[in-house]
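Read the structure below first, then the notes.
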Amino acid sequence: MFKNYRIRDYDFKLILMVLALSLVGVFTIGSAEESLQTRQLAGVAAGTAIMIVLSFFNYSTLLKLNWLMYGFNLVLLVMVWAMGKAGNGAQRWLKIGGLQFQPSEVAKILLILFFAQFIMKYREKLNTFRIIASCIVLFAIPWVLVEEQPDLSTSIVLIVLFCIIMFSGGISYKLVLGVLAVMIPAAIILVSLAIQPDNELLQDYQRNRIMAFINPEEYASEEAYQQLNSRRAIASGMLDGKGYKNNELTSVKNGNFISEAQTDFIFAIIGEEFGFKGSLLVIILLMGISLECISIARKAKDTAGAIIAAGVGGWIGFQGFVNIGVATFLLPNTGLPLPFVSYGLTSLLSLFMGIGFVLNVRLQAKRS
C-alpha cells in the first residue's frame, strides 16, 4: 500500500496552487453568503487532509478495487433515483443519516479511477471493437442515471471526461478523427432539433437556457437574467474591483441581483470585488493546476497513472472553463460549480481526492 518515496518528487507547487485557489473560494463565499464560510473552510481543511493521506497511498494497489468502486458508484446513483432528495426541479442529492451529498460529483472521480485500471488491464486490446464497446457500455450505465436526475451539466462533464480517459489511455488517432467527423455534425443537428418548439429531446428549462443564450434580449427578465447581471457585475469591477465586502449601492451583489452567487456565479463576485486582477489570478491558478496535472500525466509510470492525472486535469480545466464561460455569458447557463472556489462540499472533497491521487502519480513518475 505504501512505498518509499523521495521528498524531492513531491509536487509542492501543485498543492500551493490548489490551496491558494481554495482560499480565494473561502474568502469569496464569505462575501457572497457569510453563513457558509465556516463550512467551506472546514471542507478545505478536511479536503487537504484527505489529499495528503491519499498522496502517499500507492494508487496501483488501490486501483485493484476498481470494480468495487464501480459498483459503489452505481449503488449511490440508484439510491438517488429511488430515494434521493429533490430540489429546484431535480433529484440529485442523497441524505444518509445527517450527511447530505451529491453522488454525481463523486461519480467523476470514481469513473476516472475505474477506467484507469480497466484500460490499463486491456491496453493492448483497447482499439478492438470488443473493448471499446465494453468501455462505452460501462460508461453509459452511470451516465444515464446522472442524466435522468436530471443533471445535464454533469452529464456533459462526464462525456468530456470519458473522451479524455479514452484518449489518454491510447485510443487510435484514426478512431478519434473518425468519431469527431461524425459527432460534430450530429451534435449540431441534434442541438438544432432540440431547440425547436414541442421537441422532447430537452426539457423546457434546458431549451429556454439555450434560447436565452441565442437571444438574450427576449429572455432578459427570465432565463438570461442571471447571466446578464453576472456579466454586469464582472464589468463593473474594472481593473481593481470595488473591494472585498464593499457597501456600494451600485453593487450587483448587494442588490441581490444574482441568486445562489456562492455556487454557480461565484466568479461574478470575484470580478466585481477583486476586478480584472482577481479574475485573472483565478484563471491563472485554474490553468496552472490543470496544466500541472497534464504534465504529471506525461511522466506517469504507466497508463493508469496517465489516465488519472490527465482525467483530473481535464476535469478541472473543462469545468472551470464552462463555469467562467457561463458567468461571462460566453456559454449557455449550465449550473456547474467553479472548481475549488464554489460552495459545495461534495464537489470540493471529490476534487481534493482527485488531486491526492495525482500527487501519488507524481511520486511514482518515471525519472529522467
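The values are calculated or read from the model by the stated rules, or taken from the named source; none is laboratory data. If you're wondering where the values come from, they're calculated on a predicted model, not measured in any experiment. No Cβ is skipped: glycine too gets one built from the backbone with ideal geometry, and neighbour counts run over all protein chains shown. The accessibility values were calculated without ligands, DNA or RNA, using every heavy atom of the protein model including side chains. Shrake-Rupley method; radii C 1.70, N 1.55, O 1.52, S 1.80 Å.
Just so you know, in region 67-90 the residues that are touching a residue at least 60 places away in the same chain (Cβ under 8 Å) and among the β-branched types (V, I, T) include one that is most open to solvent (accessible area, probe 1.4 Å), and it is V78. The set of residues from region 120-134 being free of Cβ contacts under 8 Å to residues at least 24 places away in the same chain and either open to solvent by 100 Å² or more (accessible area, probe 1.4 Å) or not hydroxyl-bearing (S, T, Y) (or both) comprises K121, E124, K125, F129, R130, I131, A133. Criterion first (out of contact with any helix residue (DSSP H, G or I) (no Cβ under 6 Å at 6 or more places or on another chain), in a helix (DSSP H, G or I) and over 29 Å from Y122 (Cβ atoms)) does F267 satisfy it? Answer is no for this residue. Listed by first and then second residue, the pairs with beta-carbon distance under 6 Å, at least 6 apart or on different chains, first residue in region 250-275 and in contact (Cβ under 8 Å) with a residue 40 or more places away in the chain, second of a type in the set (S, T, Y) and open to solvent by 30 Å² or more (accessible area, probe 1.4 Å), are Q262/Y343; T263/Y343; E273/Y244. Can R231 be described as assigned to a helix (DSSP H, G or I) and either at pLDDT below 70 or over 25 Å from E273 (Cα atoms) (or both)? It is false that R231 is assigned to a helix (DSSP H, G or I) and either at pLDDT below 70 or over 25 Å from E273 (Cα atoms) (or both). A single member of F276, F318 is farther than 21 Å from L16 by Cα, open to solvent by 10 Å² or more (accessible area, probe 1.4 Å) and in a helix (DSSP H, G or I), and it is F276. Contact map, region 91-116: first residue within 17 Å of F352 (Cβ to Cβ) and in contact (Cβ under 8 Å) with a residue 40 or more places away in the chain, second residue surrounded by fewer than 19 Cβ atoms within 10 Å (Cβ to Cβ) and basic (K, R), Cβ cut-off under 9 Å, separation 6 or more or different chains; pairs are F101/K95.
Scanning region 119-149 for residues that are farther than 21 Å from D302 by Cα and touching a Gly at 6+ places or on another chain (Cβ under 8 Å) yields one hit, Q149. Among the residues of region 325-342, those that are in contact with a Ser or Thr (Cβ under 8 Å, 6 or more places away or on another chain), at pLDDT 95 or above and not polar (S, T, N, Q) comprise P339, F340, V341.
When L94 is tested against the conditions (1) outside any helix (DSSP H, G or I); (2) over 21 Å from the mean Cα position of the chain (by Cα); (3) among the aliphatic types (A, V, I, L, M), the lone failure is (2).
Counting residues in region 156-166 that are closer than 18 Å to A32 by Cβ and modelled with pLDDT of 75 or more gives zero. Number of residues in region 321-350 that are in a helix (DSSP H, G or I) and in contact with a helix residue (DSSP H, G or I) (Cβ under 7 Å, 6 or more places away or on another chain) equals 10. Against the definition (open to solvent by 30 Å² or more (accessible area, probe 1.4 Å) and touching a strand residue (DSSP E or B) at 6+ places or on another chain (Cβ under 6 Å)), how does Q100 come out, yes or no? Yes; evaluated as a whole, the condition is true for this residue. Is it fair to say T334 is among the β-branched types (V, I, T), surrounded by fewer than 22 Cβ atoms within 10 Å (Cβ to Cβ) and within 19 Å of E105 (Cα to Cα)? Judged against the criteria, T334 is a match. If only residues of region 135-154 that are of a type outside the set (V, I, T) and free of Cβ contacts under 8 Å to residues at least 40 places away in the same chain are counted, the one that is nearest to P337 (Cα to Cα) is E147.
Being under 24 Å from D240 (Cα atoms), open to solvent by less than 20 Å² (accessible area, probe 1.4 Å), in contact (Cβ under 8 Å) with a residue 40 or more places away in the chain and in contact with a Lys or Arg (Cβ under 8 Å, 6 or more places away or on another chain): is that true of A306 here? Spelling it out, it is not the case that A306 is under 24 Å from D240 (Cα atoms), open to solvent by less than 20 Å² (accessible area, probe 1.4 Å), in contact (Cβ under 8 Å) with a residue 40 or more places away in the chain and in contact with a Lys or Arg (Cβ under 8 Å, 6 or more places away or on another chain).
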